[in-house]
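Read through the structure below, which is laid out as structure tokens, and then see the notes.
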Amino acid sequence: MKKQTLKIESKTEQLITVRNFVSQAAYASGFNDEDVSKIALAVDEACTNVIKHAYQYDAKKKITITVGDSNGNFEVSIVDSGKQFDPKRIKQPDMKEYLSSYRRGGLGVYLMKSLMDKVEYDIEPGKRNQVRLIKQLPR
């Protein structure tokens, strides 16, 4: 599958478009329903983080999502030019404590890491942020 790119405005209403775009690409790469759902959810979380944290709900900003497969992997790249963050500062949540305190939110990075095989960050301070979500292609 050759690479496909989708550019969206930083609005939560755009997430359905992103999920459909990524799901179609994942199906085309041979993933089953369960894996397609996992990939779509991970991408949804990543885009939600950009909208909320990097852009702080500024709808005029753009997010670029690129999907493709190579070297036996399906890769989704999400690029924004918003506020930087340090992925190393995100702690592994204590799920027992989290669930007992009825918290909401804050699990995006944890979810992305548990749904995908690899999550990589490429941050160029003052220029752009990129998160790559990688899932091994089905055999």
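Using the Cβ atoms and a cut-off under 15 Å, what net charge is assigned to the surroundings of K38, where Lys and Arg are +1 and Asp and Glu are -1?
-3
Within the same chain, aspartates and glutamates fewer than 8 places from K7 are excluded, and of the rest, those with a Cα less than 12 Å from its Cα are D80.
Placing dummy labels 7 Å off each Cα toward the beta-carbon, the span from E124 to E34 is 3.9 nm.
Full extension of the chain between Q84 and N20 yields a length gain of 20.3 nm, computed as 0.36 nm times the residue separation minus the alpha carbon distance.
Laboratory data are not the source of any read-out in this text; all were calculated from the coordinates shown. This is a predicted model, so every value here is computed, not measured. No Cβ is skipped: glycine too gets one built from the backbone with ideal geometry, and neighbour counts run over all protein chains shown.
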